[in-house]
There are 2 protein chains.
Amino acid sequence: MTDLPKSMFATIQKFDGYSGSATGPVIDNAADWLENAEIPVPTPGPGQVLIKLRTASVNPSDIHFIKGEYGQPRVQGTPAGFEGCGDVVATGAGAEALQGQRVAFVASGSGAWAEYALTQAQMCIPLRPDISDDDGAAQIVNPLTAMAMVEIARSEGDAFVVSAATSQLGKLMCGLGRDLGLKPIAMVRRAETVELLKSHGAAEVVVTTEDDPVAKFAAISAQYKPRVFLDAVSDQLSEQVFCAMPNGARWVSYGKLSNEQPKLTQMGQLIFMNKRIEGFWLTQWMMSTPPEEQMRVVAEVQARFADGRWKTDVSAYVPLNKIISDLADALKKSDGKVIITP
Amino acid sequence: MTDLPKSMFATIQKFDGYSGSATGPVIDNAADWLENAEIPVPTPGPGQVLIKLRTASVNPSDIHFIKGEYGQPRVQGTPAGFEGCGDVVATGAGAEALQGQRVAFVASGSGAWAEYALTQAQMCIPLRPDISDDDGAAQIVNPLTAMAMVEIARSEGDAFVVSAATSQLGKLMCGLGRDLGLKPIAMVRRAETVELLKSHGAAEVVVTTEDDPVAKFAAISAQYKPRVFLDAVSDQLSEQVFCAMPNGARWVSYGKLSNEQPKLTQMGQLIFMNKRIEGFWLTQWMMSTPPEEQMRVVAEVQARFADGRWKTDVSAYVPLNKIISDLADALKKSDGKVIITP
């Protein structure tokens, strides 16, 4: 670690713990939650690595997290940011094999929105040289979520429903579904995205802002019989979509883009139609899935990015020292990932 | 069938199909849904048996059914009533072994609220001589539901929650739970039933009509960590109870005593806490459980009734020809089963 600086620029959390609110992954002003700081460069302990940042991605989970609405508590004064790509520049005992490697990572020790991030070695994936830094920045959270959730869908039949389908994750799932011979049914808000979604693999697209989207979905549901609803929105329309699905349907919520509290209007469907409502969290999947299965999925993800079946659409680049001023506006574009650069 | 009459007295359905409503298992006047009639005695086809009624029980599912709010459509002009006890007086091909036997049954061909009922041989359970006709009338729906649902609870830990616990089914589940070494947590409406529930096996009792039942339940939940909620009510309080349960909790709805539509106030719990919401329907359990497992459960049920660990508390007897006039009032007592007699 001879040539490493003592301190680094970072965008840090202003608050501790949970907020108790549930207002969704939207911010008007990053300064409400984050501030810039010069803080010590962390030192890797046993099993840990220090990563010099190349790129970091901004996921909805990052925004939930800085607002105190995520599944783990904030720590005031520590850098934000879960996911990125960079070079391992220092290692603790047992992690030496990663020294010098370019990796995709999820930060578990000190966040990704900083010049240097700290994490466990097992939270790093060495990147093939044919994966770009942009794809490397979004190699874990969305792609593994897509792989795991489409596998849930495949276990139940050949059609499934994806809400907020224009999201990066939505597009990944539509493409993966198509490649596996499944029939993704995409829910989108804007009619002008219908052709885009079809080109990404959607068999059918329902525009939720048009007249009577539930009736339109019901007709599609009767034809395709989707059994799994991969839902990032979790509002009343989601509940109506679930009610229009056939016997045995599973409503799998993995996000809460809406802050509406959906009512269960047809409890009898849970009883008589063997339906159920559940959640998906990648962290839980990682803790409960055998390592060899995770490695198989990681290899498949890299292969898909390397040969171009998947790619990360970048909507904006925001330098680290512009997060406070520019992030909220950059996130308002809904057609790709915001990438943070040092 | 030489000594069988040509026609019989029956209480028949006035309507066909589903009503589309969801108003719960309560009626003001049985005449709104049922009428008396003299109809032909049915003839058993292959695999069927004709049963001369001794006793029939009235379950919430019967009331849901006559109102068109159950998981199968009504058939106008056919007798109501799912469950009863009687003597097999005629058999179709392949069902001869049951001739002359006293059986508990679920009616699948012609309902139980009639002098004679028709069903499939496999919907009959020959009764041990030490089982009373009253216990025989309520030998299948509630006891098998209790056995199957407490088994779900046991698969997840040693404590579970039961709502509407003063119901016959609630008491069966508390007693069974205690006998298996589990900790049933009972939810009741009336403070005067607390000691009754404890004597039936409840480890803790929460009175939902007292101040802040959710806080009281939360304290109990923190101590016992129940993972399964066996819920007959399915209202907003149920949702709050579910939210106060620990990681991995399952809200298993098997009834809809309330017509409130519960809001999901903490969708994030499904995502981050691995919770889920599902239903239980005995019919589904019977279709998906291997016959040898069902036979084991049936034998255990009869043993429990024979040795007095379980008994059917009868709140009223209503003769067949008084159902129209007396059933609604008889059902207003909440401390036992209404038994119908020929």
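The table below lists the values:
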| quantity | calculated |
| --- | --- |
| Furthest towards positive pole of dipole, A:Ala104, A:Thr43, A:Ala56, structure part segment A:1-134, Cβ charges | A:Thr43 |
| Most fluctuating residue given options B:Gly84, B:Gly47, B:Gly68, as computed from a GNM of chain B linking Cα atoms under 10 Å | B:Gly47 |
| All aspartates and glutamates inside 16 Å of A:Lys52 as judged from Cα atoms, apart from same-chain residues fewer than 8 positions distant | A:Asp3, A:Glu38, A:Glu83, A:Asp87, A:Glu96, A:Glu115, A:Asp133, A:Asp134 |
| Within 10 Å of each Cβ in B:229-239, the average number of Cβ atoms from other chains | 1 |
| Shape of segment B:13-165, Cα gyration tensor, a/c cut at 1.5 | oblate |
| Fluctuation leader among A:Pro40, A:Pro226, A:Pro60 - chain A, Gaussian network, Cα springs under 10 angstrom | A:Pro40 |
| Relative contact order [Cα under 8 Å, 6+ residues apart], chain A, whole percent | 17 |
| Inter-label distance, nm, simple model (7 Å from Cα along the C-beta direction), A:Ser315/B:Asp130 | 7.2 |
| Sparse-neighbour loop sites [trypsin sites (Lys or Arg not before Pro); segment A:1-107; at most 15 other C-beta within 10 Å; DSSP] | A:Lys6, A:Lys14 |
| A:Lys322/A:Met286 FRET efficiency (R0 51 Å; Cβ-Cβ; nearest 0.05) | 0.95 |
| Reachable aspartates and glutamates, given that their alpha-carbon falls under 13 Å from the alpha-carbon of A:Lys263 and they are not under 8 places away in the same chain | A:Asp235, A:Glu239, B:Asp235, B:Glu239, B:Glu260 |
| Counting DSSP beta bridges with both ends in the protein assembly as shown, the antiparallel % (nearest 5) | 60 |
| Dipole in debye (nearest 20) - segment B:184-293, about Cα centre, beta carbon charges: Lys, Arg +1; Asp, Glu -1 | 280 |
| Potential lengthening between A:Thr341 and A:Arg190 on full extension [0.36 nm per residue; Cα-Cα distance subtracted] | 51.4 nm |
| Magnitude of the charge dipole, segment A:250-299, Cβ model with Lys/Arg +1 and Asp/Glu -1, debye to 20 | 220 |
| Cut-off 16 Å (backbone N to label point 7 Å along Cα→Cβ of B:Met295), residues of segment B:78-107 | B:97-98 |
| Counting DSSP beta bridges with both ends in chain B, the antiparallel % (nearest 5) | 60 |
| Three-way shape label, segment A:252-342, alpha-carbon gyration tensor, a/c 1.5 | oblate |
| Unit charges on C-beta of K, R, D, E only; dipole of segment B:91-155, Debye | 200 |
| Net length gained if the chain between B:Asn29 and B:Gln101 were fully extended (0.36 nm per residue, minus Cα distance) | 22.4 nm |
| Between segment B:250-318 and segment A:34-102, the alpha-carbon center distance in angstrom | 47 |
| Accessible area per residue, Å², chain A with all protein chains present, probe 1.4 Å | 40 |
| Chain B: most fluctuating residue of B:Ile277, B:Ile27, B:Ile185 per GNM, C-alpha cutoff 10 Å | B:Ile277 |
| Carbon plus sulfur fraction of accessible area for chain A, probe 1.4 Å, in percent | 52 |
| Cross-link pairs A:Lys256/B:Lys225; B:Lys6/B:Lys322; B:Lys67/B:Lys183 - those with Cα-Cα distance over 29 Å | B:Lys67/B:Lys183 |
| Heavy-atom accessible surface that A and B bury in contact, both chains counted, 1.4 Å, Å² to 100 | 2400 |
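The values are calculated or read from the model by the stated rules, or taken from the named source; none is laboratory data. Quantities reported herein were computed from a predicted structural model and do not represent experimental measurements. Neighbour counts run over all protein chains shown; Cβ positions are idealised from the backbone, glycine included. Just so you know, the surface numbers come from the protein's heavy atoms only, side chains and all, with ligands and any DNA or RNA stripped out. Shrake-Rupley method; radii C 1.70, N 1.55, O 1.52, S 1.80 Å.
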